[in-house]
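The values are calculated or read from the model by the stated rules, or taken from the named source; none is laboratory data. Owing to the predicted nature of the structure, the values given are computational and were not obtained by experimental measurement. Note that we place each Cβ from the backbone using ideal geometry, even for glycine, and neighbour counts take in every protein chain shown. SASA here: full protein model, heavy atoms, side chains in, ligands and nucleic acids out. Shrake-Rupley method; radii C 1.70, N 1.55, O 1.52, S 1.80 Å.
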Amino acid sequence: MMDMSDSILTRLPARLKQARQAQGLSLDAVAKLSGVSRSMVSQIERGNSSPTVATLWNLTRALQVDFAGLLEDQQTARVHVLRAQDVPTIENQGTGCCIRILSPPEDAGTHEVYELRFAMDGVLESPSHAHGTQENLTVIDGKIAVTSGEHSELLKAGETARYAADVPHQLRAVGEARAFLVVKGG
């Protein structure tokens, strides 16, 4: 057990620093986002301090990285499985629309993947996203009317629409429907 603990403590400082630098964040920015002092973040990254679980959790949330992934031995190829019951789901968006989040949290804002399930005539309305954001919707079952700004198209199963999402947009099922949605940040 001691060897495993030592191994984790050896990898952790470098992994946190890599995650911070990959996000282009300064120590001050991470401190503000996480609520962990700048000096503590610096000490952890240098390996001079071992973070508590709460501190580590705050840092991983601020850096949008997987808590467990920081601690794993990345030399071994792994298959990461998220069982159906564990896939994050949003049920309070729109009317009659269930959104399953298929992409990892660290992809938020850059490349997001969702499964959409619409109850009878369900609707998902979205305000404008960041400038340049695009959405790709592929209908798996049923029909969905896609509106982006002033333009609308009706899609059937097997069809894909690519449209601007930096304007108000809407997805409206005709009956019940299921689709995959990819959101690509601008």
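Remark: pairs (first residue in segment 27-43, outside any helix (DSSP H, G or I); second residue open to solvent by 60 Å² or more (accessible area, probe 1.4 Å); Cβ separation under 6 Å; 6+ apart in sequence or on different chains) = Gly35/Asn58; Val36/Asn58.
Rundown of residues vs (1) farther than 25 Å from Arg15 by Cβ; (2) touching a Gly at 6+ places or on another chain (Cβ under 7 Å); (3) modelled with pLDDT of 95 or more, yes/no style:
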position	(1), (2), (3)
Leu63	no, no, no
Asp66	no, no, no
Leu71	no, no, no
Ala77	no, no, no
Pro105	no, no, no
Glu115	yes, no, yes
Phe118	yes, yes, yes
Ser148	yes, no, yes
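Within the option set Arg15, Arg38, Arg20, being surrounded by 14 or more Cβ atoms within 10 Å (Cβ to Cβ), at pLDDT 85 or above and among the charged types (D, E, K, R) holds for one residue only, Arg38. When Leu82 is tested against (1) open to solvent by 70 Å² or more (accessible area, probe 1.4 Å); (2) within 20 Å of the chain's Cα centre (by Cα); (3) touching a residue at least 40 places away in the same chain (Cβ under 8 Å), exactly one condition is not met: (3). Listed by first and then second residue, the pairs with beta-carbon distance under 8 Å, at least 6 apart or on different chains, first residue in segment 103-128 and touching a residue at least 12 places away in the same chain (Cβ under 8 Å), second among the acidic types (Asp, Glu) and assigned to a strand (DSSP E or B), are Phe118/Glu176; Ala119/Glu176; Met120/Glu176; Gly122/Glu176.
When you check Asp121 against the structure, is it among the charged types (D, E, K, R) and either in contact with a Pro (Cβ under 8 Å, 6 or more places away or on another chain) or under 30 Å from Gln64 (Cβ atoms) (or both), yes or no? No. Of all residues in segment 112-122, those satisfying the criterion of being in contact with a Lys or Arg (Cβ under 9 Å, 6 or more places away or on another chain), surrounded by 15 or more Cβ atoms within 10 Å (Cβ to Cβ) and of a type outside the set (Ser, Thr, Tyr) are Glu112, Glu115, Leu116, Arg117, Phe118, Gly122. The single residue among Gly158, Gly186 that is over 30 Å from Ala19 (Cα atoms) and of a type outside the set (D, E, K, R) turns out to be Gly158. Every test in (1) under 20 Å from the mean Cα position of the chain (by Cα); (2) over 30 Å from Ala31 (Cβ atoms); (3) among the aromatic types (Phe, Trp, Tyr) is passed by Trp57 save one, and that test is (2). When segment 129-166 is filtered for residues that are in contact with a His (Cβ under 9 Å, 6 or more places away or on another chain), among the aliphatic types (A, V, I, L, M) and either open to solvent by 80 Å² or more (accessible area, probe 1.4 Å) or outside any strand (DSSP E or B) (or both), only Ala165 remains.
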